[in-house]
Each structure stands twice: as structure tokens, then as C-alpha cells.
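Written below as C-alpha cells is the structure these notes are about.
None of the figures in this text is laboratory data; all of them are computed from the coordinates on show. Just so we're clear, the structure is a prediction, and the values are computed from it rather than from any experiment. Every residue, glycine as well, gets a Cβ built from its backbone with ideal geometry; the counts of neighbours run over all protein chains shown.
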Amino acid sequence: MPTDKELVLELQRGSLEALGFIYDRHQKMVYRTALVITGDPESAADLVQDVFLRLYRFSDRIDPERPLEPWLYRITANLSYTWIKKNRRWLPSLEEVAEWLAGTVRVENNSSHEYNDDWHQINTAISALPAQQRMVIVLYYVNDLPLQEISEILDVPVGTVKSRLHYGREVLKRHLGVSPNERLSDLKYEFT
């Protein structure tokens, strides 16, 4: 299987096959990120298409020496944020999204109903965050990215990322009924 670097070089030569390989490799990550930020499955699917169309269209601007994932995260976050600003409304499907996300989580004990209820609550709380905090929370907790990489993806200083993460955690704690002294370290997603 070719590396991302090799695929980007092929893509820069106009290879649609390379785009297909990149799509297969990264589309779940792009979709998951767009879905959690927008809260709308149809829009997330549309955003996946937009991200990969932009990848093809602007492939000549991508440095093949650098990792591709941060570029994909950045484009996904930017397009998702634009979608949120354009739609400025909470869709009734947010609960459906939370249930869908909860249903894809691996459950290894017999208390799956309780576990799904917890995930539903977490996803509802994430959906209630302001867009900028939600993006940082998603990139940090859902995609498990370090602060520096989030800073580069969102093109903001690390201090801004820390601030948004801090305030996002505080809002989540209030929504989840967690005491201010407790940590949100268990807020992790596992997708099959």
C-alpha cells in the first residue's frame, strides 16, 4: 500500500486512483470529525465529498513532505465551521446523531443500555457547545490530537486552543453534572 506522500505526489500528477486510495484511507476520520462538529449526518457526508474535492482541486498546494492528516482535519474543521455559521440552528437530528454515535461504540460489558445512555448524554453536551469550543473538544478528545497539532489545524495560538479546551470542558461538566474538580479524561470515543 503506497504511503500518503506517494499518493499526494500521484494526485499532483492528476491521478484519480490516488485520490481513491486517499479517500479510502481517510474518509472515516473526515466523516467522524464533520459529524461530531455539525451534528448532521447528511451534512457530514456532503462535507466529506467537499473535503476530498478540495484535496483534488488544490493538490498542487499540498507539501508531500508533510503529513496529510492535519491538512484534512483543517479543511474538515473549516468547512464544518462554515456550515454551522450558515445554518445557525440546532437540527432535531442531533439526538439521532448522538444515538448513532453511541450505537457504534464498542461495548464490552452487559450494561450496554447504561453505557449508551452515557454516550447519548455526552454527545448531547458536545452538540450544545459553541462551535469553536466544539471543534477543539472534537479534535482533542474524539480524534486524540495534541494541542500543538490542533493549533496548527485551526491556525490559532496554542494558548487559544487551551482556553477553548478549558471553557469547553467547563461547559461539558455543567451539562453532564460533573463536579468542577472532576476530570473529563474518560470522554473518549471508540469507533468500529
Legend entry - Phi-based couplings in Hz for region 72-78 (Karplus 6.51, -1.76, 1.60; Gly and Pro marked x): 5, 4, 5, 5, 4, 4, 5
Legend entry - Spin-label pair E17/Q121, simplified geometry with 7 Å Cα→Cβ offset, distance in nm: 5.2 nm
Legend entry - Cut-off 16 Å, label 7 Å out along Cα→Cβ of K85, residues of region 124-148 by amide N: 130-136
Legend entry - At R0 = 45 Å, FRET efficiency that the Cβ-Cβ distance of M1 and T160 yields, to 0.05: 0.75
